[in-house]
Amino acid sequence: MAAAREIKAREVVEPGDDDAVELAKRHLVQPWPYAGSVGAEARALIGEGEDIYITDASGKRLIDGPAGMWCINVGHRREELARVMYDQAMALSYNTPWYTMNAPSAELARRIADAAPGDLSHTFFTTGGSSAVETALRFMQFYNNVRGRPEKKLIISRGGAYHGSTYLSASLNGRPRDRHWMDGADELVIKLSSPDPFRRPKEMSIDAFTDFLVDQFRDTVARVGAGRIGAFVGEPVQASGGVVVPPDGYLKRIREICRENEILYVSDEVVTGFGRLGHLFASGDVFGLDPDMITFAKGVTSGYFPLGGVIISERLLEELRRSNHPDALFGHGLTYTSHPIGCAVALKNLDLLEEGVLQHAREIAPYFQARLKTLEELPLVGEVRGAGLMACVECVADRESKDPLQLDKDVGKRIDAHCHELGLLVRPLINMCVMSPPLIISREQIDDMVAILREGISRTMDDLRKEGVWRG
């Protein structure tokens with residue numbers, strides 16, 4: 001492996017090279033930029049990764065708290081995955097999916113079908129999570145057109161949701177800041193309340209909150225009309241919304257209402273799939289659901305290659321095959337659908353997950369959650385919540401009012417900056433810090449992560465007090 005690392009193209013800009021920063025400022029458009037800096041900014045330069053660690057441009061080694069973007073599930077620098085990429089590229093680097101196919105995609109589809117809940121038996125492969133959700137929505141539209149229900153196209157989403165950055169998928173997003181300056185297909189989307197127990201009315205019990213959420217869904221179906229609603233799209237755990245874990249039983253009750261009204265239930269497992277909650281799919285194994293479709297990405301290749309997909313119910317496909325429109329064309333596809341390298345990497349990644357990583361994740365998750373929960377001792381922390389190996393530390397100015405620190409919207413960034421200095425990369429979300437490390441993390445590494453996060457929050461509290469913006 002060391003020899004392989006030495007073989008680098010001469011034109012590659014080395015990590016830590018000041019040229020990379022200047023090149024980025026002059027030529028690179030970063031994702032999610034602000035207008036005042038778009039096309040003129042450089043972000044933290046990362047040079048290498050190994051195990052649960054990454055190394056920045058200065059040579060500082062950091063715990064990769066977000067696992068890249070919820071995705072480096074089996075850890076950095078896995079030679080098995082790198083070798084598969086090389087071997088598959090040397091065998092077949094690409095084939096057009098329009099009129100040819102490859103063996104890795106067929107085998108991967110079979111293994112996914114074996115692991116998926118209910119009658120989810122067929123997979124359409126995409127390039128990532130956004131295109132997976134987009135595909136699910138376009139399939140819903142096609143399905144209802146073929147079945148003679150062209151008016152059954154509305155989509156129900158929720159506050160706090162994040163489903164992607166393509167036009168339809170982004171239209172489902174329920175975080176206001178995502179949509180303030182962006183257009184969307186608002187005429188197609190109905191947004192309901194976030195299933196966030198922490199933000200429920202103060203006097204409302206969890207059971208009453210669950211009933212409220214379910215009644216809101218049922219009343220919306222009755223008011224709008226089931227004949228106009230095509231799909232409900234929901235993350236089992238709202239990831240980018242702040243790791244919102246819904247109340248027990250809520251998702252199953254929503255599923256039943258969908259079934260009663262022929263509304264397709266799309267479970268967005270782009271984050272929770274492939275091990276984040278200790279199982280290949282959380283929908284069935286954790287939440288007892290049998291969705292009509294599951295979308296996935298990220299952990300399917302542990303971030304080593306862009307790949308996503310939609311798993312579709314056998315029932316839906318049978319209904320299309322039995323329809324009176326056998327010549328109706330599902331006019332949807334991507335240049336990199338069923339990419340042979342991506343599918344080959346996913347197969348090896350599945351081997352790694354099933355040969356011990358999933359078991360380890362299930363065993364260590366309670367320790368991960370318990371250690372992070374100790375951060376609630378800090379007065380700035382309103383709640384620590386999570387499931388499996390994903391968690392959120394939500395900071396508040398006042399625990400009684402749960403004020404999300406409106407006086408300082410960069411609390412998460414402040415904590416991340418201190419943690420970076422101490423050896424931990426954090427995912428900051430306004431007043432929240434999200435942690436979703438590689439699934440191979442050990443108890444000792446969890447202790448290190450929590451100790452750094454505690455110190456980073458403590459330093460932030462000191463900063464806020466000195467600046468007079470917080471009195472906690």
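Restricting to region 438-472, what's the tally of residues that are farther than 14 Å from CYS395 by Cβ, of a type in the set (A, V, I, L, M) and not in a helix (DSSP H, G or I)?
Selection size over region 438-472: 3.
One line per residue, one yes/no per condition, for (1) closer than 30 Å to THR301 by Cα; (2) modelled with pLDDT of 95 or more; (3) under 24 Å from the mean Cα position of the chain (by Cα):
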position: ASP416; (1), (2), (3): yes, yes, yes
position: LEU429; (1), (2), (3): yes, no, yes
position: PRO438; (1), (2), (3): yes, yes, yes
position: GLU444; (1), (2), (3): yes, yes, no
position: ASP447; (1), (2), (3): yes, yes, no
position: VAL450; (1), (2), (3): yes, yes, yes
position: ILE457; (1), (2), (3): no, yes, no
position: THR460; (1), (2), (3): no, yes, no
position: ARG471; (1), (2), (3): no, no, no
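Among (1) farther than 24 Å from TRP70 by Cβ; (2) surrounded by fewer than 15 Cβ atoms within 10 Å (Cβ to Cβ); (3) modelled with pLDDT of 95 or more, where does TRP181 come up short?
Here TRP181 meets the rest and fails (3).
Any residue at all in region 187-200 that is without any contact (Cβ under 8 Å) to a residue 12 or more places away in the chain, outside any loop (DSSP other than H, G, I, E, B) and of a type outside the set (A, V, I, L, M)?
yes
Looking only at region 286-295, which residues are surrounded by fewer than 24 Cβ atoms within 10 Å (Cβ to Cβ) and over 18 Å from the mean Cα position of the chain (by Cα)?
Result: GLY288, LEU289, ASP290.
Considering region 249-305 alone, what residues qualify as being of a type outside the set (A, V, I, L, M), in a helix (DSSP H, G or I) and out of contact with any Asp or Glu (no Cβ under 7 Å at 6 or more places or on another chain)? Show your work before the answer.
First pass over region 249-305, keeping only residues of a type outside the set (A, V, I, L, M): 249-250, 252-253, 255-256, 258-262, 265, 267-269, 272-276, 278-279, 281, 283-285, 287-288, 290-292, 295-296, 298-299, 301-305.
Then keep just the ones that are in a helix (DSSP H, G or I); that gives 250, 252-253, 255-256, 258-260, 283-285, 298-299.
Matches in region 249-305: TYR250, LYS252, ARG253, ARG255, GLU256, CYS258, ARG259, GLU260, ASP285, LYS298, GLY299.
Would you please list the contacts, defined by Cβ atoms under 7 Å and residues six or more apart or on different chains, that run from a residue in region 34-51 that is in a strand (DSSP E or B) to a residue that is among the charged types (D, E, K, R)?
Close Cβ pairs satisfying both conditions: ILE46/ASP56; GLY47/ASP56; GLY49/ASP64; GLY49/ARG77; GLU50/ARG77.
Can you tell me which of ALA42, ALA3, ALA9, ALA20 is surrounded by 14 or more Cβ atoms within 10 Å (Cβ to Cβ), at pLDDT below 95 and either touching a helix residue (DSSP H, G or I) at 6+ places or on another chain (Cβ under 9 Å) or within 19 Å of ALA82 (Cα to Cα) (or both)? Steps first, please.
Details: ALA3 fails: surrounded by 14 or more Cβ atoms within 10 Å (Cβ to Cβ); ALA9 fails: surrounded by 14 or more Cβ atoms within 10 Å (Cβ to Cβ); ALA20 fails: either touching a helix residue (DSSP H, G or I) at 6+ places or on another chain (Cβ under 9 Å) or within 19 Å of ALA82 (Cα to Cα) (or both).
Result: ALA42 is the single residue among ALA42, ALA3, ALA9, ALA20 that is surrounded by 14 or more Cβ atoms within 10 Å (Cβ to Cβ), at pLDDT below 95 and either touching a helix residue (DSSP H, G or I) at 6+ places or on another chain (Cβ under 9 Å) or within 19 Å of ALA82 (Cα to Cα) (or both).
Kindly evaluate VAL426 against the criterion of being among the aliphatic types (A, V, I, L, M), outside the structural domain of ARG200 (by TED's automatic domain parsing) and buried (at least 23 other Cβ atoms within 10 Å of the Cβ). Let's see the steps before the verdict.
Numbers: among the aliphatic types (A, V, I, L, M): yes; outside the structural domain of ARG200 (by TED's automatic domain parsing): yes; buried (at least 23 other Cβ atoms within 10 Å of the Cβ): yes.
Here the answer is yes, as VAL426 does meet what is asked.
Which condition breaks for VAL396 when tested against (1) more than 28 Å from ARG111 (Cβ to Cβ); (2) surrounded by fewer than 20 Cβ atoms within 10 Å (Cβ to Cβ)?
If we test VAL396 against (1) more than 28 Å from ARG111 (Cβ to Cβ); (2) surrounded by fewer than 20 Cβ atoms within 10 Å (Cβ to Cβ), just (2) comes out false.
Would you mind finding the one in SER267, SER283 that is free of Cβ contacts under 8 Å to residues at least 60 places away in the same chain, surrounded by 24 or more Cβ atoms within 10 Å (Cβ to Cβ) and among the polar types (S, T, N, Q)?
Details: SER283 fails: free of Cβ contacts under 8 Å to residues at least 60 places away in the same chain.
Step by step, each of SER267, SER283 is checked, and only SER267 is free of Cβ contacts under 8 Å to residues at least 60 places away in the same chain, surrounded by 24 or more Cβ atoms within 10 Å (Cβ to Cβ) and among the polar types (S, T, N, Q).
So which residues in region 40-87 are touching a Lys or Arg at 6+ places or on another chain (Cβ under 6 Å) and among the hydroxyl-bearing types (Ser, Thr, Tyr)?
Across region 40-87, the qualifying residues are TYR53, THR55.
Count, please, the residues in region 390-412 that happen to be part of a helix (DSSP H, G or I) and among the basic types (Lys, Arg).
Here the count works out to 0.
Tell me whether region 221-229 contains one or more residues that are crowded, with 23+ Cβ neighbours inside 10 Å and in the same structural domain as ILE156 (by TED's automatic domain parsing).
Kept after step one, since they are crowded, with 23+ Cβ neighbours inside 10 Å, are these residues of region 221-229: none.
No, every residue in region 221-229 fails to be crowded, with 23+ Cβ neighbours inside 10 Å and in the same structural domain as ILE156 (by TED's automatic domain parsing).
Among the residues of region 399-415, which ones are out of contact with any Asp or Glu (no Cβ under 7 Å at 6 or more places or on another chain), surrounded by fewer than 24 Cβ atoms within 10 Å (Cβ to Cβ) and in contact (Cβ under 8 Å) with a residue 24 or more places away in the chain?
Selection gives LYS402, PRO404, LEU405, LEU407, ASP408.
Return the only residue of PHE198, PHE209, PHE274, PHE287 being farther than 26 Å from GLU151 by Cα, touching a Gly at 6+ places or on another chain (Cβ under 6 Å) and in the same structural domain as LEU154 (by TED's automatic domain parsing). Break it down stepwise before answering.
Working: PHE198 fails: touching a Gly at 6+ places or on another chain (Cβ under 6 Å); PHE209 fails: touching a Gly at 6+ places or on another chain (Cβ under 6 Å); PHE287 fails: touching a Gly at 6+ places or on another chain (Cβ under 6 Å).
Selected residue: PHE274, the only one of PHE198, PHE209, PHE274, PHE287 that is farther than 26 Å from GLU151 by Cα, touching a Gly at 6+ places or on another chain (Cβ under 6 Å) and in the same structural domain as LEU154 (by TED's automatic domain parsing).
Limited to region 201-220, what total is found for residues that are β-branched (Val, Ile, Thr), surrounded by 13 or more Cβ atoms within 10 Å (Cβ to Cβ) and free of Cβ contacts under 8 Å to residues at least 60 places away in the same chain?
Our first condition is that a residue be β-branched (Val, Ile, Thr); within region 201-220, this holds for 206, 210, 214, 220.
From the residues that got through so far, the ones that are surrounded by 13 or more Cβ atoms within 10 Å (Cβ to Cβ) too are 210, 214, 220.
Of the ones still in play, those that are also free of Cβ contacts under 8 Å to residues at least 60 places away in the same chain are 210, 214.
Qualifying residue count, region 201-220: 2.
Any idea which residue in region 126-145 is surrounded by the most Cβ atoms within 10 Å (Cβ to Cβ), counting only those that are among the hydrophobic types (A, V, I, L, M, F, W, C) and out of contact with any helix residue (DSSP H, G or I) (no Cβ under 6 Å at 6 or more places or on another chain)?
If we filter region 126-145 for residues that are among the hydrophobic types (A, V, I, L, M, F, W, C), which is where we start, we get 132-133, 136-137, 139-140, 142.
Filter again for out of contact with any helix residue (DSSP H, G or I) (no Cβ under 6 Å at 6 or more places or on another chain), leaving 132, 136, 139-140, 142.
Values: ALA132: 34, ALA136: 30, PHE139: 23, MET140: 22, PHE142: 16.
Out of the qualifying residues, it is ALA132.
Assess whether ALA344 counts as being among the aliphatic types (A, V, I, L, M), within 21 Å of ASN73 (Cα to Cα), outside the structural domain of ARG110 (by TED's automatic domain parsing) and buried (at least 24 other Cβ atoms within 10 Å of the Cβ).
Numbers: among the aliphatic types (A, V, I, L, M): yes; within 21 Å of ASN73 (Cα to Cα): yes; outside the structural domain of ARG110 (by TED's automatic domain parsing): yes; buried (at least 24 other Cβ atoms within 10 Å of the Cβ): yes.
For ALA344, the condition - among the aliphatic types (A, V, I, L, M), within 21 Å of ASN73 (Cα to Cα), outside the structural domain of ARG110 (by TED's automatic domain parsing) and buried (at least 24 other Cβ atoms within 10 Å of the Cβ) - is met.
The values are calculated or read from the model by the stated rules, or taken from the named source; none is laboratory data. Computed from a prediction, not measured in an experiment: that's the story for all the values here. We place every Cβ from the backbone using ideal geometry, glycine too, and count neighbours over all the protein chains shown.
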